[in-house]
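As structure tokens, the structure follows; a few thoughts come after it.
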Amino acid sequence: MTIHVIHENIDWSQPLFDHLAKKQAPYSDLDMSARSVDLMATPASGIYYNRMSASSHTRGHRYAPEMTSALLSWLETAGAPVLNGSNALRLELNKAVQYGALKQASIDVPETIVCETASDMLAAYDSFSGAPVITKHNRAGKGLGVQLFRDRAALEAYVAGEGFDPSVDGLTLIQRYIEAPKPFITRLEFIGQQFLYAVRVDTSEGFELCPADFCTLEDAAFCPADSNSGDSNAPNSDSTAKFQIDMDFAASSLGQYLLPKCINVMKTQKLDVSAFEFITDADGKPYIYDINTNTNYNSDAEAVVGISAMERLADYLIEFATHQSDRAAA
Ligand SMILES: Nc1ncnc2c1ncn2[C@@H]1O[C@H](COP(=O)(O)OP(=O)(O)O)[C@@H](O)[C@H]1O
Ligand SMILES: [Mg+2]
């Protein structure tokens with residue numbers, strides 16, 4: 001059974017193709033950066049795995065997610081087996097939708113107000129009674145539009161000024177800033193709705209660079225899926241310091257608290273492969289603020305603990321394809 005991989009960035013998908021090729025698994029490259037969808041056709045046999053990215057517009061592929069939505073609904077209504085299908089795409093493209101799903105599973109999310117206009121954003125800021133907030137794009141990835149504001153005047157200058165960076169879907173989130181006592185966030189990786197590992201991402205460099213009242217967090221340090229996206233890139237000497245895999249997270253009390261909740265979200269929202277990012281406040285309370293369905297991995301950090309999530313992903317896709325093929329034969 002062919003494994004059809006739906007994506008728009010070959011740099012991020014090549015490592016997966018390499019593993020599939022090594023395992024002699026037939027695959028096809030459904031690059032959505034230039035493609036039409038013939039609704040009258042019958043989908044090619046095989047299984048489909050969607051890894052469309054919310055940040056595709058930053059690579060010149062403005063409508064790739066919309067085209068992927070057309071493709072996925074065509075596949076699903078034709079009864080094709082799809083992993084990370086249309087609901088995964090719905091979450092990938094819309095943080096507000098992610099937050100609803102997280103809250104439904106009793107996961108704490110930083111308080112968030114979805115805004116369109118500058119005056120809405122300032123009113124949202126006022127509702128936090130002077131607490132620091134961050135702005136972020138509702139359709140994001142790569143830390144798009146993430147900036148920290150500790151005072152109203154700085155926020156006003158930004159949202160009403162020339163330099164305002166709008167989200168591609170027109171919606172900006174005003175979100176409570178979670179002040180972590182130690183500068184790191186943690187990303188929880190799941191493949192096939194099973195927890196694989198936690199990766200701790202050092203955020204200190206980003207904060208060191210920021211002036212007190214106005215700082216941009218848009219930095220590779222915040223995004224394991226950005227410039228340090230893993231296998232496809234040359235090893236980054238900094239990345240083993242920046243990205244540290246914790247293989248013992250599942251046994252920790254935080255792991256026991258968070259992991260079943262994340263798996264619950266994955267089951268409810270039909271996510272097969274995803275990563276959840278959380279930050280912990282001074283009281284040790286974790287807040288999840290991002291779900292990624294287009295996951296990349298840091299191969300330098302993986303080398304330290306001897307694991308390859310891309311290889312696990314390839315194995316999972318092969319297993320799923322074999323299962324579907326057995327079902328079809330029965
Ligand atoms: N509420 C928050 N409090 C503190 N830091 C945050 C918060 N939200 C995001 N960040 C920082 O900004 C980074 C990017 O935000 P995120 O929501 O993950 O956007 P993206 O989808 O673009 O990755 C995070 O990894 C984290 O370091
Ligand atoms: Mg993120």
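Would you mind checking which residues have amide H under 5 Å from D246's amide H? H placed 1.01 Å from N; only 5 or more apart, or other chain.
Under 5 Å from the amide H of D246 lie the amide H atoms of A198, V199, R200, each far enough along the sequence or on another chain.
Placing +1 on the Cβ of each Lys and Arg and -1 on the Cβ of each Asp and Glu in the chain, which of G163, A25, S325 has its Cα farthest towards the positive end of the resulting dipole?
Working it through, the farthest residue towards the positive pole turns out to be S325.
Got a number for carbon plus sulfur as a percent of the chain's accessible area, 1.4 Å probe?
Result for the chain: 50 percent of the exposed heavy-atom area is carbon or sulfur.
Report the residue, chosen from A157, A124, A140, that carries the largest GNM mean-square fluctuation when the chain is represented by alpha-carbon nodes joined by springs under 10 Å.
Highest fluctuation among the options: A157.
To the nearest 0.05, what FRET efficiency results for A70 and I10 with a Förster distance of 22 Å applied to their C-beta separation? Don't skip to the answer; put the middle values down first.
Details: r = 21 Å, r/R0 = 0.95.
Here the calculated transfer efficiency is 0.55.
Across all directions of projection, what mean area in square nanometres is found for the Cα convex hull of the chain?
Average of the hull's projected areas for the chain equals 17.3 nm².
Near the amide H of M32, under 5 Å away, which other amide H atoms are found, from residues 5 or more places off or on another chain, if H is placed in the peptide plane?
Here the answer is H7, E8, since their amide H atoms fall under 5 Å of that of M32.
Which whole-angstrom value gives the distance between the alpha carbon centres of segment 301-323 and segment 10-78?
Using only Cα atoms, the two centres lie 19 Å from each other.
Within segment 304-330, name every residue whose backbone N is under 20 Å away from a label modeled 7 Å from Cα of A250 along the Cβ vector.
Zone members listed by number: 304-320.
Just how large is the dipole of the chain about the Cα centre, in debye to the nearest 20, putting +1 at every Lys and Arg Cβ and -1 at every Asp and Glu Cβ?
Value, rounded to 20: 840 debye.
Hey, rough spin-label estimate for K22 and A282, points 7 angstrom out along Cα→Cβ, what's it come to in nanometres?
About 4.6 nm separates the two model spin labels.
Give me the 1.4 Å probe accessible area per residue for the chain, excluding ligands and nucleic acids, in Å².
Heavy-atom accessible area per residue stands at 43 Å².
The values are calculated or read from the model by the stated rules, or taken from the named source; none is laboratory data. Being a predicted model, the structure only gives us computed values, none of them experimental. Positions of Cβ are backbone-derived with ideal geometry, glycine not excepted, and every protein chain shown enters the neighbour counts. The protein model used for the area step is the full one, side chains on, heavy atoms only, and it has no ligands, DNA or RNA in it. Shrake-Rupley method; radii C 1.70, N 1.55, O 1.52, S 1.80 Å.
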